[in-house]
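Trainee: Quick one: the structure is below, and I'll ask about it shortly.
The values are calculated or read from the model by the stated rules, or taken from the named source; none is laboratory data. Note that this is a predicted model, so its numbers are computed, not measured. As a convention, Cβ positions derive from the backbone with ideal geometry for all residues, glycine included, and neighbour counts pool all protein chains shown. For the accessible areas, the whole protein counts, side chains as well, though only heavy atoms, and no ligand, DNA or RNA atoms are used. Shrake-Rupley method; radii C 1.70, N 1.55, O 1.52, S 1.80 Å.
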Amino acid sequence: MKKSKVRMSGGTRLHKLTTDNWRKGYNSFLDSVRRDRTSIDIARNLMLEQDGVVKRRWGTRNYGSALEGKNLEGVSTFSKIVNDKLENWLIAVAEGAVFTSRTGENWERAEGEPLAKDAEVCFLTVKNKVFLANGKDPLAFYDIERNKLEKYNKINPPASPNVRLDGDLKTGEIKGYYKLTAVNNVGETTASDSVEIKFNKARDTWRNEKDKTEAVRLNWNAVEGATRYNIYYGDEKGRETLLTSVSSTVFIDEGALLPNPLSTSPEDNTTDGPIVKTITYADSRIWGVGDPKHLSRVYFGGVGEDVASFSPYYGGGMIEMETGDSNFPVVIKGYRDGKGEDSVVLFMSGSSGEGSQYQLTPVLKQAGTTKYIAVEVGRVIGSLGTFSPRSVIEVKNNLYYASLSSFNTTGAKPDMLNVLSTDEVSLAIRPDVRRIGASGARKIASSYYDGKIFWAVANGEEVNNQVWVLDTELRSWILPWELPVKYFIQHTDENGLEHLLFLPSKDTKLFKRNQLVELSERFNTDNGEPFEVHFATGVIAMDSSHTDWAKVKKIYFEFLHSEGELAVEIGGEMKSKNLAKTKKIKMNVHNILAGFNTDLWDGFNWNDSENVPKVVKRKTVKKVLKVRKKLNNVRIELKSDSLSDWGLSVIAIEEMVKKVSDPSGWKK
């Protein structure tokens, strides 16, 4: 904002109150009379460009073809090598079946038994597989090379082992209990029934030397599909813990191995994969949360060839995040700790508060001869959690995410050594954020594109119905965009062009849940339908005390690259009533001549030639509205449909300070 002198008029000085950018964006936190003039009061279907020029938002158009008669339960992308070239493909799940397409047209159904219907799908591509999690089915995957939806085969739990004393160990009154589970490369079965055996010496005193053997011998029938067997031992029935893991169907317990007190037999058979809602990839592992039977549980896979193995023997496992504060795991992201080293961050949420973040560190442990991966857990002090797994996104080395009552960022600060700091980035729109509520907060989704974070939110509805934009370069908000976005994906087409796509959250006149939609600056309508564009300043006072009066003579506007028609509404406080003035203005693009002519340098006079070869469009359109009223403040609104293309660059209010007695309303 600038206040410039213009000229003298009858001894009274004219000024211009000039605003030449709106880089602070939309603000609902401050009252309209207290906002900076570079803030915006109404920003419906707008966006900012350059250093704060106001433009209409991008339009939308259906991308590719619809999956007729089906609702999309999830959409993502994957890549594959075809004829030594990398191709980017779309993958969708509709009514449980998997469909793929290179261009969004001609969707092809993949082979394989479908998943459960009406369950939102989370996707993760690792090692030529697209893993699919929906919170109902065990983890499945789409095999990219075979074009087939695959499911892991569940194996049966083993029968109880046969046990007998071996060597010199005698029957006595000391009791021991053994049970076992079967393991494949995905998970582990539930345990067999415990088998009791009695012996005469405590297990840790058994002697096994060249001439003496004291042991218990176990053998059992093989389980089809099992690659190993885990043996659990305890001196109380029901309290057995992991003793060892073997690949044969015979084990001789000589008492030398110590049971791992932290590893009990599983409550569920996970040999066909764990059931999770959300899967991510961090620290070279697959992580999954959202088991409907075990809300506090976090699953993790192995590394390398065992990346999809959740069995402890193959480097996977699970942890229970029992924090004592009703918080539950929501999503895991790969990030870094305060020292800048790679880290795994778990976002938690709960019914009683904002949740928090925990750093998970897999470490190699050993119990007896058995090696396994344990996860060390540390809370990120001062952090906040999230209700929505799709809201978390890494941008410019920081994690951005939505919590219950704010949008936040977590990252390292130069002046805070070895510490991650959490800061709110939504102060300017805090009243809007508070209206979302817990139900809406669970649905928030984000995407980073063109220097902006696009947030799909549910504002006043059960499903997402608006998009809020955080410009990370200007550090300002613009909202709302009235679009029903469930979540965004980014897809690169066969020509190398990147597209920002979204899956509609509901069926409307313009959008269907079986049809992807592209959001792009190339479009000026929503699927051919113009949308409303509405801009309003805050209350612009004539001076910083808000008590001076001025005669507002004219208001000047400068628009960039603009054409079309829009309505201008001027409001303001007069002494005895309010001003309301409306005018429609047309912005016609005029051509100007530019470039060198074709005459020889010595064959023309400077002002004679008309052979200018280049015609260009004028870059700005200026308009002026006469007001001629004594006002204490001014408020300006611009309205149009999206077919009018305008970029608001400058508003200049020409005013002359006037001596006006205080209105009677001020004195009462």
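Trainee: Under the 0.36 nm per residue contour assumption, what length would be gained going from the current alpha-carbon distance of D342 and N397 to full extension? Don't skip to the end; give the middle numbers.
Mentor: Details: separation 55, 0.36 × 55 = 19.80 nm, distance 1.19 nm.
Extending this stretch completely gives an extra 18.6 nm.
Trainee: When only alpha-carbon atoms are used, what values of Rg and Dmax, in angstrom, describe the range 96-159?
Mentor: 13.1, 52
Trainee: So if I place +1 on the C-beta of Lys and Arg and -1 on the C-beta of Asp and Glu, and nothing else carries charge, what would the dipole magnitude of the chain be about its Cα centre? I want it in debye, nearest 20.
Mentor: Result for the chain is approximately 4120 debye, rounded to the nearest 20.
Trainee: How do the peptides 631-643, 238-250 rank, highest first, by the average count of neighbouring beta carbon atoms within 10 Å per residue? Mind dumping the intermediate values first?
Mentor: Working: 631-643: 20.5, 238-250: 16.5.
Ranked by mean Cβ neighbours within 10 Å, highest first: 631-643, 238-250.
Trainee: Probe 1.4 Å, all protein chains in place: accessible area of V307 in Å², nearest 10?
Mentor: Result for V307: roughly 10 Å² accessible.
Trainee: Would you mind checking which residues have amide H under 5 Å from E188's amide H? H placed 1.01 Å from N; only 5 or more apart, or other chain.
Mentor: Those lying under 5 Å, H to H, from E188 are T270, T271.
Trainee: Taking H as built 1.01 Å from N, whose amide H comes closer than 5 Å to the amide H of H561, not counting residues under 5 places away?
Mentor: Amide H to amide H, under 5 Å and 5 or more residues apart or across chains, H561 pairs with T620, V621.
Trainee: State, to one decimal in nm, how far the label point of D143 lies from the label point of D493, with both points 7 Å from Cα in the Cβ direction.
Mentor: Going from the D143 label point to the D493 one covers 3.3 nm.
Trainee: Using a Förster radius of 45 Å, what is the FRET efficiency between K619 and L262 based on their Cβ-Cβ separation? Nearest 0.05, please.
Mentor: Details: r = 70 Å, r/R0 = 1.54.
Plugging the Cβ-Cβ distance into 1/(1 + (r/R0)^6) gives 0.05.
Trainee: A further question follows. Just to verify a number: FRET efficiency for D118 and L295, C-beta to C-beta distance, R0 = 22 Å, to 0.05?
Mentor: Values: r = 21 Å, r/R0 = 0.95.
So the FRET efficiency works out to roughly 0.60.
Trainee: Something else about it: Given contacts defined as C-alpha pairs under 8 Å and at least six residues apart, what's the relative contact order of the range 131-234, whole-number percent?
Mentor: Once divided by the residue count of the range 131-234, the mean separation gives 32 percent.
Trainee: Which whole-number percentage describes the relative contact order of the range 58-168, with Cα contacts under 8 Å and a sequence gap of 6 or more? If you can, show how the numbers build up before the last one.
Mentor: Details: 186 pairs, mean separation 19.2, N = 111.
RCO, the range 58-168: 17 percent.
Trainee: Could I ask something else about it? Long-range amide H contacts for A282: which residues qualify at under 5 Å (H placed 1.01 Å from N, peptide plane, sequence gap of 5 or more or a different chain)?
Mentor: Under 5 Å from the amide H of A282: W287.
Trainee: Can you bin every Cα-Cα distance in the range 395-521 into 5 Å intervals starting at zero and give me the percent of pairs per bin, rounded to whole numbers?
Mentor: P(r) over the range 395-521, rounded to whole percents: 2, 10, 19, 22, 18, 14, 8, 4, 2, 1, 0.
Trainee: Then there's this: Just the Cα atoms of the chain, one point each, no solvent: what log10 I(q)/I(0) does Debye give at q = 0.05 Å⁻¹?
Mentor: The calculated log intensity ratios at q = 0.05 Å⁻¹ are -0.37.
Trainee: Hey, rough spin-label estimate for E224 and R239, points 7 angstrom out along Cα→Cβ, what's it come to in nanometres?
Mentor: Result: 3.9 nm between the two label points.
Trainee: Need the C-alpha centroid separation for the range 50-108 versus the range 253-272, integer Å.
Mentor: 45 Å
Trainee: Same structure again: What is the Cα coordinate range of the range 1-146 on the first, second and third principal axes, sorted by size from largest, in whole angstrom?
Mentor: Answer, in whole Å and largest first: 87, 37, 30 Å.
Trainee: Evaluate 2.2 N^0.38 Å with N set to the residue count of the range 186-263, then give the Cα radius of gyration divided by it.
Mentor: On the way: Rg = 13.4 Å, N = 78, 2.2 N^0.38 = 11.5 Å.
Here the answer is 1.17, to two decimals.
Trainee: Over the chain, what relative contact order in percent results from Cα pairs under 8 Å that are six or more residues apart? The partial results should precede the final answer.
Mentor: Values: 1796 pairs, mean separation 93.5, N = 668.
After rounding, I find 14 percent.
Trainee: Sticking with this structure for a sec: On a full-extension model of 0.36 nm per residue, what is the gain between T171 and A66, subtracting their alpha-carbon distance, rounded to one decimal in nm? Before the final figure, lay out the partial values.
Mentor: On the way: separation 105, 0.36 × 105 = 37.80 nm, distance 7.27 nm.
Here the answer is 30.5 nm.
Trainee: Per residue, how big is the convex hull of the range 430-480 when only Cα atoms are used? Give it in Å³.
Mentor: Working: hull volume 3.5 nm³, N = 51.
Dividing the Cα hull volume of the range 430-480 by its residues yields 69 Å³.
Trainee: Hey, another quick one. If you filter the range 500-565 for trypsin sites (Lys or Arg not before Pro), then keep DSSP loop positions with at most 15 other Cβ within 10 Å, what is left?
Mentor: Numbers: sites: K506, K509, K512, R513, R522, K551, K553, K554; in loops: K506, K509, K512, R513, R522.
Passing both the DSSP loop test and the Cβ count: K506, K509, R522.
Trainee: Helix-derived [θ] at 222 nm for the chain: sum -39500 (n - 2.57) over DSSP H runs of at least 4, divide by residue count, nearest 500? Walk me through the intermediate numbers first.
Mentor: Working: 3 runs with 14 residues, N = 668.
Computed ellipticity for the chain at 222 nm equals -500 deg cm²/dmol.
Trainee: Continuing with the same structure: Given labels modelled 7 Å from the Cα in the Cβ direction, how far is it in nm from Y449 to K586?
Mentor: 3.5 nm
Trainee: Over all pairs of distinct alpha carbons, what does the Kirkwood formula give as the hydrodynamic radius of the range 161-230, in Å? Let's see the in-between values first.
Mentor: Working: mean 1/r = 0.0734 Å⁻¹.
With all distinct Cα pairs of the range 161-230 included, I get 13.6 Å.
Trainee: With all protein chains present, calculate the accessible area of M542 using a 1.4 Å probe and round the result to the nearest 10 Å².
Mentor: For M542, solvent-accessible area is about 10 Å².
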